[in-house]
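The values are calculated or read from the model by the stated rules, or taken from the named source; none is laboratory data. Nothing here was measured: the structure is a model prediction, and the numbers come from that model. Neighbour counts run over all protein chains shown; Cβ positions are idealised from the backbone, glycine included. Side chains included, ligands, DNA and RNA excluded: accessible areas come from the protein's heavy atoms. Shrake-Rupley method; radii C 1.70, N 1.55, O 1.52, S 1.80 Å.
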Amino acid sequence: MLGHRQPRTGNRDPYSGPAGIFEASDGYLYLHAGTDSLFARLARAMDNPDLIEDERFRSTAARMANIDAVEKIVTGWLGTRGVEGACEALDAAGIPYSKVADIDEVTQNEQLRSREMLVEVDHSEAGRVVVPGVVVKLSRTPGSVQMPPPTVGQHNDDVLAGVLGKSGEAIDELRATGVI
């Protein structure tokens, strides 16, 4: 509205920290301990209560001014344990967190499958594959996945002849010269 663009912040919350995705020894997790009370809980969960009184981390503003240092401390702590161990500690401390799923976990997720956000289709070359489903769910005009992803060049003739009006000879010439 004012003509200002928010700069990219990557994985970092621009207003409080630590908050974002962090690497543990065996995966990734998201945690948000950006408020003063959540940060104090995190410091205790990391067995590092001295961080609470450290001037660099005593307030949200101080942590944001020293965000690289606080993120390094959190990453170091997570690097000493697995995701499950970190999740147990964060859960016990009441810190918002979530394990970041890898692609295998996503494609096997029962909730995503039951909502048809992921569906299986038969592909002529790859066999049975998982593809994104129709995101918008409409009761009167429901959508569905009608076909698998195309193979490379599968629709070349349709596009070149039907859309671009190329003749059969012109298409043959494109094949002969290696264009398609």
Practice item. Within region 89-137, track down each residue that is hydrophobic (A, V, I, L, M, F, W, C) and in contact (Cβ under 8 Å) with a residue 40 or more places away in the chain. Key: ALA89, LEU90, ALA92, ALA93, ILE95, VAL100
Check your understanding: Which members of region 1-23 meet the condition of being in a strand (DSSP E or B) and over 11 Å from ILE67 (Cβ atoms)?
Key -> ILE21, PHE22, GLU23
Study note, to complete from the structure: Residues in region 86-106 that are open to solvent by less than 60 Å² (accessible area, probe 1.4 Å), modelled with pLDDT under 95 and either in contact with a helix residue (DSSP H, G or I) (Cβ under 8 Å, 6 or more places away or on another chain) or part of a helix (DSSP H, G or I) (or both) total 1
**Study point:** Residues satisfying the stated conditions in region 145-180, i.e. closer than 30 Å to SER114 by Cα and open to solvent by less than 70 Å² (accessible area, probe 1.4 Å)
**Key:** VAL145, PRO148, PRO149, THR151
